[in-house]
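Reviewing the structure listed below.
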Amino acid sequence: MKLFNILVIALSTAFTLETAKIPATVNLSESQVRWEASKVTGTHWGYVPIKNAELDYSDGKIIGGTFDMDMVNLTVEDLTDPKSNGNLTNHLKSDDFFSVEKFNTSTFEITEAKTSNGTDYTISGVLTIKGISHPASFPAKVTVAGTTITAVGALTFDRTDYDIKFRSGNFFENLGDRMIYDEVKLDVKLVATI
């Protein structure tokens with residue numbers, strides 16, 4: 001009988017912990033990923049639409065989640081000339097960069113969300129681009145207003161880790177002012193409702 005009681009308590013505790021996790025619905029129209037990359041002669045930036053996203057929420061804190069980025073529909077926003085904009089956009093989608101015909105989605109999956117105050121977080125997880133996955137961490141700020149959670153953070157990754165080596169100074173010599181820096185910054189904003 002004692003063993004039965006222990007099992008019942010263990011199962012009810014596990015059930016309570018599982019039900020305490022609330023999936024927060026991410027509002028895709030209010031959420032965004034802004035990319036920024038630099039070369040010797042300047043910086044380009046644009047957006048990558050979020051096509052799926054979820055945040056796991058428990059006891060007033062984010063505990064997990066994931067977001068998928070639609071690489072097919074990435075945009076370039078800093079170039080106003082239609083021809084230049086189209087050329088860069090198409091180049092970014094080519095095999096020199098993101099190979100979007102083969103890999104139309106990039107993903108970040110949260111494996112750990114550390115916070116001491118429920119506002120300032122260190123988000124750790126796995127970033128997958130072109131089918132290649134690497135661990136990544138970044139600071140984020142989370143605000144809660146009523147039933148709305150807003151999480152904002154900046155993730156920086158080395159593009160060469162994801163087989164994006166075009167004009168990288170680490171792989172090609174004598175590039176001069178044609179060199180493109182390896183770091184790419186993603187400014188992430190997720191707005192979710194619990």
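Select from G86, V72, I123 the residue farthest towards the positive end of the dipole of region 37-133; place +1 on Cβ of Lys and Arg, -1 on Cβ of Asp and Glu, and compute about the Cα centre. It is G86, whose Cα lies furthest towards the positive end. Model label sites at K51 and D95, defined 7 Å from Cα along the beta-carbon direction, differ in position by 2.2 nm. In plain terms, the chain from T80 to T119 could stretch by 10.3 nm, reckoned as 0.36 nm per residue minus the Cα-Cα distance. Zone of T148 (label point 7 Å along Cα→Cβ, backbone N under 12 Å): which residues in region 19-55? From region 19-55, the list is 27, 30-31. Summing charges over all other residues whose Cβ lies under 15 Å from the Cβ of V188, with Lys and Arg as +1 and Asp and Glu as -1, gives -2. Contact order, relative form, for region 63-170: 21 percent (alpha carbon pairs under 8 Å, 6 or more residues apart, mean separation divided by residue count). Counting only Cα atoms, region 83-166 measures 45, 28, 17 Å along its principal axes, largest extent leading. The order of L88, L186 by accessible area, most exposed first and with a 1.4 Å probe, is L88, L186.
The values are calculated or read from the model by the stated rules, or taken from the named source; none is laboratory data. All values reported here derive from a predicted model rather than from experimental measurement. Because the Cβ atoms are built from the backbone with ideal geometry, glycine has one as well, and the counts that use them run over all protein chains shown. Calculation scope for accessible area: heavy atoms of the full protein, side chains included, ligands and nucleic acids excluded. Shrake-Rupley method; radii C 1.70, N 1.55, O 1.52, S 1.80 Å.
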